[in-house]
């Protein structure tokens, strides 16, 4: 038996080395082969050997898309709920700012730093999650990052200074970020490319929903407990949702095949070896160099990053300012203030429905018509067809912001601004999802990951900055003009998806990063 495995390993090495030389002379192809982003042509190999390099067929039981329906549903719920905790834990601190300022005898601007620095930590999370995912798989990212996140949240609760609290929450954000950023990739492992929009359409609402849910929970907690309990409750919820993830299965193709190769005795084959230097160069390029270069040189990435970053900053503007609005204009008591987040929470939760409907009724129909009229299966549907939700949301958003601001200013019944705050969140997510899907389709799987990394960095950087000035802006200008300032900014940005619709093909043609397949 040992000699048979040795023979198989030797055959695999002898077969794959010439194959690599034959098919991967260019740098792009080499990167794609190393990291599972390029499907290489193969010579005929024995079935046992071939199983270590690719799925054996459409019915391969190790392929995540062939997992049982019950396992896929269970995994989707478990992973989505754990990802939501990343933003719930961050924003649950928001109602505790005054209590922290009082406990540590600091100013309100200093007390908001633990909220802002947590979001800043989320921006650096991919530097932790991506290497773990590439080396150990998707599931390992959840299993490793979550306990470290819990430890830093524990440190936050036991902090005896605002500096210690801020530092602990920053690193808690760093290790919460992989939970958020790794989830969509895991869900797509279950999902055929055709239904990417449906899968991500539901998920895109999760971080925003968590950011709106956190202050609601935190506000009620503070009615009966000290501020430290906003950290303890986050830990309890995290542990509760961490346990189900332990019973999910690995979904990352490269890691699954690597483990299968080990079971077949092919662990030492050339395709399974990656030098530390090569891995470092890959992560430096994918996580830092390329995303930053695309952010400043690619108009599509720049505009999507700025627009979506502002939208996430807008969410945290409301997270910080909404209690003040309803206390100042409507005389709400401290006990009632947590209910002011209901509009934000319902709007983000409701956004999944129109995103899925738009994908099924519009995008899928266009995709079917395109495939029927084009014989070349490798010619993709133009990515501009992903923009429908963004076109709708870009028109809705400034209108809803103006309505929120001036109905509050004139003290129209509180239900009206609550409803339109929800519509602000819904339209924001329509823009966010449509623009992001357009960008991912425009650059394909290889460069789309770097483009998404640039957008994520911008998104969390702005969400860290906005809480530092949002409440002061509302206090200085009043709800009407402060919200109108935000409305005017979204009005200026509204033409961006329409610009992509008209000139997207030309922009993609001039890109330095041609679409990867």
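Descriptive notes on the structure:
- Building the convex hull from the alpha-carbon atoms of region 217-264 and averaging its projection over directions returns 4.9 nm².
- Only helical runs count toward this figure. For the chain, summing -39,500 (n - 2.57) over DSSP H runs of n ≥ 4 and dividing by all residues gives -25000 deg cm²/dmol at 222 nm.
- Highest average packing first - 383-392, 178-187, Cβ atoms within 10 Å: 178-187, 383-392
- All Cα-Cα separations within the chain were binned at 10 Å from zero, giving a P(r) of 4, 18, 28, 25, 15, 7, 3, 1, 0, each value a whole percent of the pairs.
- Degrees between helix 2-23 axis and first principal axis of the chain (Cα, 0 to 90, nearest 10): 70 degrees
- Percent of C-alpha pairs per 10 Å bin, region 338-454, short to long: 14, 34, 28, 16, 7, 2
- Separation of alpha-carbon centers, region 446-517 and region 75-103, rounded to whole Å: 24 Å
- Cβ crowding within 10 Å averaged over residues, with 396-408, 347-359 ranked highest first: 396-408, 347-359
- Solvent-free Debye scattering, log10 I(q)/I(0), computed from the Cα coordinates of region 65-263 at q = 0.08, 0.18, 0.19 Å⁻¹: -0.28, -1.15, -1.25
- With respect to the chain, whose longest principal axis is taken over its alpha-carbon atoms, helix 415-493 is tilted by about 0°.
- The chain: relative contact order in percent, alpha carbon pairs under 8 Å with at least 6 residues between: 20 percent
- Shape call, region 293-508: gyration tensor on alpha carbons, a/c limit 1.5: prolate
- On Cα atoms only, tilt of 388-409 relative to the major axis of the chain in degrees: 20 degrees
Here, each number is a calculation from the coordinates, and none is a lab measurement. Everything numeric here is computed off the predicted structure, so don't read it as measured data. Glycine gets a Cβ as well: all are built from the backbone with ideal geometry, and neighbour counts include every protein chain shown.
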